[in-house]
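S.K.: Starting off with a structure, shown below.
The values are calculated or read from the model by the stated rules, or taken from the named source; none is laboratory data. This one's a predicted model, so the numbers in the text were calculated from it and none came from an experiment. Positions of Cβ are generated from backbone atoms using ideal geometry, with glycine treated the same way; all protein chains shown enter the neighbour counts. Side chains included, ligands, DNA and RNA excluded: accessible areas come from the protein's heavy atoms. Shrake-Rupley method; radii C 1.70, N 1.55, O 1.52, S 1.80 Å.
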Amino acid sequence: PPWAVTMVWTTAKPSPVPERMSGLFVDQKWINFVPCFFESFCVLKHAGCNVAYWNLHERYLEKRDDCWIVNGQVPLVFYHFSGVRVDGGATISKFYDQFTLDSRPDLRDIFALYRDRLIHHGIREVGSFVYAFGRFSDGTLVNKLQRAIYAGCIDSFRNTSPFDAQGSFCQWAKKHRLQSGIESSAQYNRHTIDRLDIRVRFVNGMLRLALRILGADRYTLLLKYFGFISVLRNQKDLFRDLPAG
């Protein structure tokens, strides 16, 4: 059914104004409203609950006998292993690079235990499975840009399966050269970008030229637009031939 496809591609139900879904992530934004509309709720502030990469700056582990203790005060209830790779080496999470297991040796034992259990329970075998919704019906990769544009233009392609290689979305994506055989963007971040790379130097040179031509105020406006258009879902604004919904 159409709603199932929508859930797979956008993790949100269809909306007449898809732009309003930007910034939403499953339940997290909605939970912010709980204190406004409900009386019988509890905010759990136990430091041993949900230790994760986003709060490591304020939480430290130590091993006492067979127990982990958080901040030297309370027992660890559970650690949230978000974005952990079984062969990730010193990396704490694929989403995070502020700390590593080298800079946070207090986490090494619990990561080693968790990764060992993943391997014991078959993570390597499961990791070899092919994601069912990662390819079009002809085997072509579905990349992040295509998913984002589809999510932003879902009403234009509602009457076809987004995975059908002969369907209107795939054909439209081919027309606009949106297909790619690989997806390498996840490899790049503020640490891996080489400022001496000729491509980076070229872009920086063009920006310096734009600043000189436009002046500070209009250059700032240009960068604000770049910030908007850099959101993959907003790329749909570049195309004028989207089918009518």
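S.K.: Can you tell me how many residues in segment 101-123 are more than 20 Å from L76 (Cβ to Cβ) and either open to solvent by 50 Å² or more (accessible area, probe 1.4 Å) or of a type in the set (V, I, T) (or both)?
M.R.: Looking only at that region, the number is 5.
S.K.: While we're here: Which of the residues belonging to segment 36-60 are without any contact (Cβ under 8 Å) to a residue 40 or more places away in the chain and open to solvent by 70 Å² or more (accessible area, probe 1.4 Å)?
M.R.: The answer is C36, F37, F38, E39, S40, F41, C42, V43, L44, K45, E58.
S.K.: Starting from residues that are assigned to a loop (DSSP other than H, G, I, E, B) and surrounded by 10 or more Cβ atoms within 10 Å (Cβ to Cβ), keep the ones in segment 171-187 and report whichever is modelled with the lowest pLDDT.
M.R.: Selected residue: E183.
S.K.: For segment 224-245, what are the residues that are more than 22 Å from the chain's Cα centre (by Cα) and either part of a helix (DSSP H, G or I) or surrounded by 14 or more Cβ atoms within 10 Å (Cβ to Cβ) (or both)?
M.R.: Those that are more than 22 Å from the chain's Cα centre (by Cα) and either part of a helix (DSSP H, G or I) or surrounded by 14 or more Cβ atoms within 10 Å (Cβ to Cβ) (or both): L238, F239, L242, P243.
S.K.: Output the residue which, of all residues in segment 68-81 that are over 15 Å from A112 (Cα atoms) and either touching a residue at least 24 places away in the same chain (Cβ under 8 Å) or open to solvent by 40 Å² or more (accessible area, probe 1.4 Å) (or both), is nearest to the chain's Cα centre (by Cα).
M.R.: F78
S.K.: Going through D197, D217 one at a time, which residue ends up being open to solvent by 100 Å² or more (accessible area, probe 1.4 Å), farther than 19 Å from W172 by Cβ and among the acidic types (D, E)?
M.R.: Result of the check over D197, D217: D217.
S.K.: State whether the residues of segment 92-111 include one that is among the basic types (K, R) and part of a loop (DSSP other than H, G, I, E, B).
M.R.: yes
S.K.: Taking S156 and the conditions (1) touching a Ser or Thr at 6+ places or on another chain (Cβ under 8 Å); (2) closer than 30 Å to L238 by Cβ; (3) open to solvent by less than 40 Å² (accessible area, probe 1.4 Å), which numbered condition does it fall short on, given that it satisfies the others?
M.R.: (1)
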